[in-house]
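Participant: Take a look at this one; I'll ask things after.
The values are calculated or read from the model by the stated rules, or taken from the named source; none is laboratory data. Computed from a predicted structure; not experimentally measured. All Cβ positions, glycine included, derive from the backbone under ideal geometry; neighbour counts span all protein chains shown. Ligands, DNA and RNA are stripped out before the accessible areas are found, and what is left, the full protein with its side chains, is counted by its heavy atoms. Shrake-Rupley method; radii C 1.70, N 1.55, O 1.52, S 1.80 Å.
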Amino acid sequence: MASGTIYGSTGNQYIDSKIVWSATANTSANTSSVTASLYYKRNNTGFTTQGTGSFTITIDGQAATASKYMTITENAWVLAVTATKTVNHNGDGTKAITISASGSIPDTTLSSTSCSGRVSLDTIARAS
């Protein structure tokens, strides 16, 4: 199972973002089920960012958006949105996709999110 983490930035240098993703291959269908989640955490002490925001995660062109009340502190990564997509592999079993995320909480210092990466899924062996 392929998996990884994509680290990003936000409009506030004290708020970190990351995408955690994993992919499970279906050999007979030549596809993978890809799940990706967007998280936030503050990197300084004594401050909290909270409010209702809009968060989007995009897997290989398919977007999912959630509106969620968030409390972002230094203590732990907090989940904003999760999405899953079934991705078709190439004829030779290879596949690389782009996973990206955006999000903000109006009237707070979390004004934007920039988090994106291109990842390679496990190659699915094909019959010769």
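Participant: Round to a whole number: what % of the accessible area of the range 31-124 belongs to carbon and sulfur, probe 1.4 Å?
Facilitator: 45
Participant: I'm a student and want to see the number: the projected area of the Cα convex hull of the range 74-128, averaged over all directions, in nm².
Facilitator: 5.5
Participant: Separate question: Which order do Y40, Y14 take when ranked by solvent-accessible area (1.4 Å probe, heavy atoms of all protein chains), largest first? Provide the component values of the computation, followed by the final result.
Facilitator: On the way: Y40 0, Y14 100 Å².
Listed by decreasing accessible area, they come as Y14, Y40.
Participant: According to a simple spin-label model (label point 7 Å from Cα along Cα-to-Cβ), what is the distance in nm between A125 and Q50?
Facilitator: A separation of 5.3 nm, rounded to one decimal place.
Participant: Ordering Y39, Y7 by how much accessible area each has at a 1.4 Å probe, largest first, what is the list?
Facilitator: Descending accessible area places them as Y7, Y39.
Participant: So what are the chain's ellipsoid semi-axes, whole angstrom, largest first, if each one is the square root of 5 times an eigenvalue of the alpha-carbon gyration tensor?
Facilitator: Working: eigenvalues 212, 32, 22 Å².
Ellipsoid semi-axes (Å, largest first): 33, 13, 11.
Participant: On full extension of the chain, what length is gained from T27 through T86, given 0.36 nm per residue of separation minus the C-alpha to C-alpha distance?
Facilitator: Values: separation 59, 0.36 × 59 = 21.24 nm, distance 1.27 nm.
So the extension gain works out to 20.0 nm.
Participant: Per residue, how much accessible area does the range 1-81 show when a 1.4 Å probe rolls over the protein heavy atoms, in square angstrom?
Facilitator: 48
Participant: Want the number for L79 to S67: 0.36 nm per residue separation, take away the alpha-carbon distance, what's left?
Facilitator: 3.1 nm
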